[in-house]
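Note sheet for the following structure.
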Amino acid sequence: MISEKSCLELLKKERVPENVIRHSQAVRRVAVYLAKLLMKGGIKVDVELVDRAALLHDICKIRFVKTDKEPFHPDEGAKLLRKHGLNKIADIVEAHGSSAVLNGKIDSWEKKLMCYADARVVGDNITGLKERFEYLRKRYAEFIEDFKKISPILAEMEREIFRDRSTNLDFLNEAGK
């Protein structure tokens with residue numbers, strides 16, 4: 001498995017801006033916390049894989065900012081990661097995109113946690129799904145129909161993740177800053 005240090009070096013090599021790295025680190029806090037929560041409940045999750053995928057999930061996002069292709073950055077990120085031999089991470093990165101969600105390609109806990117964690121973070125702040133979708137509607141108005149379809153899928157993921165588990169993610173906002 002690639003080290004955390006190597007992930008950060010790869011992000012810098014790809015010229016990922018600090019704000020995107022901070023976002024990825026916040027997504028990582030949520031994803032890893034939830035992976036450990038599930039593990040405590042007896043669900044097998046590769047926490048290290050979730051950790052690294054969260055760090056690298058937006059590695060190609062900046063390439064598409066202010067273009068009509070920005071929502072497809074997961075596919076490009078996955079391609080780049082596969083070139084580096086990071087196939088397992090690439091599979092998870094690819095699955096955090098809207099097409100994977102809409103096509104039912106979220107077929108592991110690792111993918112589910114990555115996708116859900118990303119949906120809970122705006123910038124580097126952890127928020128609710130409702131607030132995240134409000135942000136997405138404003139930022140990507142042209143993809144509103146996709147967001148309407150994705151919203152109930154992510155809400156179901158949330159129910160599945162938190163089923164029989166009581167927790168509050170608010171404390172994670174302060175934990176990593």
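The values are calculated or read from the model by the stated rules, or taken from the named source; none is laboratory data. Because the structure is a prediction, the values reported are computed rather than measured. When we count neighbours, we look across all protein chains shown, and the Cβ atoms used for this are built from the backbone with ideal geometry, even at glycine.
A few points about this structure:
- So residue 98, is it farther than 15 Å from residue 31 by Cα and not aromatic (Phe, Trp, Tyr): yes
Okay, residues lined up against (1) surrounded by fewer than 20 Cβ atoms within 10 Å (Cβ to Cβ); (2) without any contact (Cβ under 8 Å) to a residue 40 or more places away in the chain; (3) of a type outside the set (Val, Ile, Thr):
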residue	(1), (2), (3)
26	no, no, yes
31	no, no, yes
36	yes, yes, yes
43	yes, no, no
50	no, no, no
54	no, no, yes
59	no, no, no
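- Identity of the residue in segment 75-101, more than 16 Å from the chain's Cα centre (by Cα) and among the basic types (Lys, Arg), that ends up surrounded by the most Cβ atoms within 10 Å (Cβ to Cβ): 82
- Residue 104 among the small types (Gly, Ala, Ser), touching a helix residue (DSSP H, G or I) at 6+ places or on another chain (Cβ under 9 Å) and either at negative phi or surrounded by fewer than 17 Cβ atoms within 10 Å (Cβ to Cβ) (or both): yes
- From 162, 171, 147, residue being farther than 18 Å from residue 23 by Cα, out of contact with any helix residue (DSSP H, G or I) (no Cβ under 8 Å at 6 or more places or on another chain) and modelled with pLDDT under 90: 162
- Qualifying residue in segment 121-133 (condition: in contact (Cβ under 8 Å) with a residue 40 or more places away in the chain and surrounded by fewer than 17 Cβ atoms within 10 Å (Cβ to Cβ)): yes
- Lone unmet requirement of (1) farther than 17 Å from residue 2 by Cα; (2) without any contact (Cβ under 8 Å) to a residue 60 or more places away in the chain for residue 91: (1)
- Just one residue in the set 55, 81, 113 is in contact with a Ser or Thr (Cβ under 7 Å, 6 or more places away or on another chain) and either acidic (Asp, Glu) or in a helix (DSSP H, G or I) (or both); that residue is 55.
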